[in-house]
Amino acid sequence: MAELATLPPLPDQKAKGWEFTDLSGLEYDSYEPGGAVVGIELVDGATVMPLSQALESRAELIEGRLGTLAPSEDPFVARNDAAWGDGVLVHVPRGAKLTEPVRIELPLDLSGTALAWRVLVVLEEGAEAEVWEHWSSSGDNVDGLLNAVAELHVGEGANLRYVNTQDVSESAWVFATQRARVERDGKLDWTALGFGSTSGKVRMETNLAGPGAEARVTGGYAGGAGQHLDYDTTQEHAAPNTSSDLAFRGVLAAGATAVWRGMIRVDPGAQQTDAFQESRNLLLSTEAHADAIPGLEIEADDVRCTHAAAVAQIDRDQLFYLTSRGLDPAEAKSLIVEGFLESLVERLAAGPVRNEVSAALEKRLAEIL
C-alpha cells in the first residue's frame with residue numbers, strides 16, 4: 001500500500017484527461033475513512049469472500065493478480081492503495097461454469113465519509129461467470145465519496161459478464177478505476193450504467209492480451225440538473241486477431257453535463273485487430289451539454305478500427321410527428337428517448353441482465369424527464 005506522505009497530488013484541469021472535469025471543489029482529505037455493510041450473494045462453484053480475509057486465508061488465489069492491473073501511480077488508485085479495507089474477491093476455478101450471477105451490493109449512505117473499495121475478479125482457464133456489482137445510496141443528500149478499483153482477470157478461453165451499475169447520491173463524488181485483462185480466446189461482456197453522483201470520473205480499460213480475445217463494452221448514463229458525468233474508456237489490443245466493440249449512450253436533462261473520452265489503442269504486432277467505438281448523447285434541453293472525444297492510436301498496419309460520436313437534441317420533426325397523432329408533448333418526448341436507448345438494450349443478451357438494465361433505465365428516465 002502507498003504511504004500517505006507520498007501520494008501524488010490530485011489532478012487539475014491542465015492534466016491530460018481532466019480538461020472537462022473540475023475537481024477544485026473536492027476536499028478529499030475532509031472525508032473520514034468509512035466502512036460499508038456489503039451485501040454478497042454467494043453461488044456454488046466460486047470462491048466469493050471479503051478481500052481482506054482472502055489476503056490472510058487464500059493468498060494463493062490473489063497472488064500475482066491483486067494490484068497488477070490498476071496503475072499505482074494514478075492519484076486515485078494510490079489513495080485506494082493507501083486506505084482500502086473493503087472489497088470482494090470472486091474466484092472461479094478452471095472449467096467451472098456458474099449458473100447464477102454473483103451479486104455485490106455496496107451502499108454509500110453516510111455523509112462525510114470516503115469508501116476505498118476494491119474488487120478482484122479472477123476467472124481461470126475455461127471458466128464462465130456473471131458478476132453484478134451495484135453501488136447505491138438511500139437518498140440524494142448523502143455527501144460522501146467513493147473511490148473504487150476493480151481488476152478483472154479473464155483467463156484463456158474464459159467468459160466473463162461483468163455488470164456495474166451506480167445510483168449513488170447526487171451529492172456524492174464517484175471515482176473508479178476499472179481494468180480488465182483478457183487472455184487467449186477469452187471473452188468479456190462488460191455493461192456499465194451511471195445515474196448518480198455530483199461529479200467524478202470512471203475509467204474503464206480493457207487489455208486484449210491474447211490472440212482471439214474479445215471484448216464487448218456497453219455503457220449508459222442519464223444525468224439530471226447539477227450532475228457532471230465523466231467516462232474515460234480504453235480498448236487496448238496487445239495481441240493479433242483480437243476484437244472489441246464499445247457503445248455508450250447518454251441522456252442529459254437541463255443543467256447536466258457529461259464527457260466521454262474513448263481510445264482504441266493497437267500495439268505493434270497486433271495485426272488483424274477489429275475494433276469499434278461510438279458515443280451518442282441526447283440532450284433534453286439547450287441547458288445540457290456533452291462532449292464526446294473518440295481517439296485512435298494504431299501501431300499495426302493490418303487492422304480495421306472505426307469510431308463514431310454524436311451530440312444532438314431531440315428531433316423536432318419526430319416530436320411534431322408524434323404530437324400530431326394525439327400524444328401529448330411529455331409522452332412524445334419519453335417515446336423518443338426510449339427509442340434512443342433501445343439500441344443500447346438490444347446489445348445485451350436476452351435474459352436477466354437485459355431485463356434489469358431496461359428497468360433501471362426506464363426508472364431513471366422517469367426521474368429526469
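For the reader, a short list of remarks on this structure follows.
- Single residue of ALA36, ALA78 found to be touching a strand residue (DSSP E or B) at 6+ places or on another chain (Cβ under 6 Å) and touching a residue at least 24 places away in the same chain (Cβ under 8 Å): ALA36
- Filtered by the rule that a residue be surrounded by 14 or more Cβ atoms within 10 Å (Cβ to Cβ) and either of a type in the set (Asp, Glu) or not in a helix (DSSP H, G or I) (or both), the stretch 327-343 gives LEU327, GLU338.
- Flag for LEU42 being under 23 Å from the mean Cα position of the chain (by Cα), within 25 Å of SER136 (Cβ to Cβ) and in contact (Cβ under 8 Å) with a residue 24 or more places away in the chain: yes
- When residues of the stretch 28-51 are limited to those that are in a helix (DSSP H, G or I) and in contact with a Lys or Arg (Cβ under 9 Å, 6 or more places away or on another chain), the one surrounded by the most Cβ atoms within 10 Å (Cβ to Cβ): LEU51
- Residue in the stretch 252-272 that is surrounded by 14 or more Cβ atoms within 10 Å (Cβ to Cβ), touching a His at 6+ places or on another chain (Cβ under 6 Å) and more than 27 Å from VAL174 (Cβ to Cβ) present: yes
- Applying the set (1) surrounded by 19 or more Cβ atoms within 10 Å (Cβ to Cβ); (2) in contact with a His (Cβ under 7 Å, 6 or more places away or on another chain) to VAL353 leaves exactly one unmet item: (2).
- Scanning the stretch 146-185 for residues that are surrounded by fewer than 23 Cβ atoms within 10 Å (Cβ to Cβ), under 16 Å from ALA114 (Cα atoms) and either modelled with pLDDT under 95 or touching a Phe, Trp or Tyr at 6+ places or on another chain (Cβ under 7 Å) (or both) yields a single hit, THR177.
Yes/no per residue for (1) in contact with a Leu (Cβ under 6 Å, 6 or more places away or on another chain); (2) charged (D, E, K, R); (3) closer than 29 Å to VAL121 by Cα:
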| site | (1), (2), (3) |
| --- | --- |
| GLU214 | no, yes, yes |
| ASP245 | no, yes, yes |
| ALA253 | yes, no, no |
| GLN271 | no, no, yes |
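Yes/no per residue for (1) under 21 Å from TRP260 (Cβ atoms); (2) touching a Phe, Trp or Tyr at 6+ places or on another chain (Cβ under 8 Å); (3) modelled with pLDDT of 90 or more; (4) among the polar types (S, T, N, Q):
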{"position": "ILE293", "(1), (2), (3), (4)": "yes, yes, yes, no"}
{"position": "ASP302", "(1), (2), (3), (4)": "no, no, yes, no"}
{"position": "LEU322", "(1), (2), (3), (4)": "no, no, no, no"}
{"position": "PRO329", "(1), (2), (3), (4)": "no, no, no, no"}
{"position": "PRO352", "(1), (2), (3), (4)": "no, no, no, no"}
{"position": "ALA359", "(1), (2), (3), (4)": "no, no, yes, no"}
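- Within the stretch 293-326, tally of residues that are touching a strand residue (DSSP E or B) at 6+ places or on another chain (Cβ under 9 Å) and loosely packed, with under 11 Cβ neighbours inside 10 Å: 2
- Test: GLU346 is at pLDDT below 95 and either surrounded by fewer than 17 Cβ atoms within 10 Å (Cβ to Cβ) or among the polar types (S, T, N, Q) (or both): yes
- Remark: pairs (first residue in the stretch 60-71, touching a residue at least 12 places away in the same chain (Cβ under 8 Å) and surrounded by fewer than 17 Cβ atoms within 10 Å (Cβ to Cβ); second residue β-branched (Val, Ile, Thr) and part of a loop (DSSP other than H, G, I, E, B); Cβ separation under 6 Å; 6+ apart in sequence or on different chains) are absent.
- Pairs where the first residue, in the stretch 277-300, is on the phi < 0 side of the Ramachandran plot and the second is assigned to a loop (DSSP other than H, G, I, E, B) and of a type in the set (Phe, Trp, Tyr), C-beta under 8 Å, 6+ apart: ASP291/PHE20
- The residue of the stretch 181-231 that is nearest to PHE248 (Cα to Cα), among those that are among the acidic types (Asp, Glu) and in a strand (DSSP E or B), is ASP230.
- Options ALA148, ALA114; residue that is over 17 Å from the mean Cα position of the chain (by Cα), within 30 Å of GLU73 (Cβ to Cβ) and not basic (Lys, Arg): ALA114
- Test: ALA116 is among the small types (Gly, Ala, Ser), modelled with pLDDT of 95 or more and crowded, with 20+ Cβ neighbours inside 10 Å: yes
- Residue selection: SER334 fails the criterion of being closer than 30 Å to THR21 by Cβ and within 23 Å of the chain's Cα centre (by Cα).
- Here GLY224 meets the list (1) touching a residue at least 40 places away in the same chain (Cβ under 8 Å); (2) in contact with a strand residue (DSSP E or B) (Cβ under 6 Å, 6 or more places away or on another chain); (3) not hydrophobic (A, V, I, L, M, F, W, C) almost entirely, failing just condition (2).
The values are calculated or read from the model by the stated rules, or taken from the named source; none is laboratory data. Since the model is a prediction, treat every value here as computed from it, not as a measurement. Positions of Cβ are generated from backbone atoms using ideal geometry, with glycine treated the same way; all protein chains shown enter the neighbour counts.
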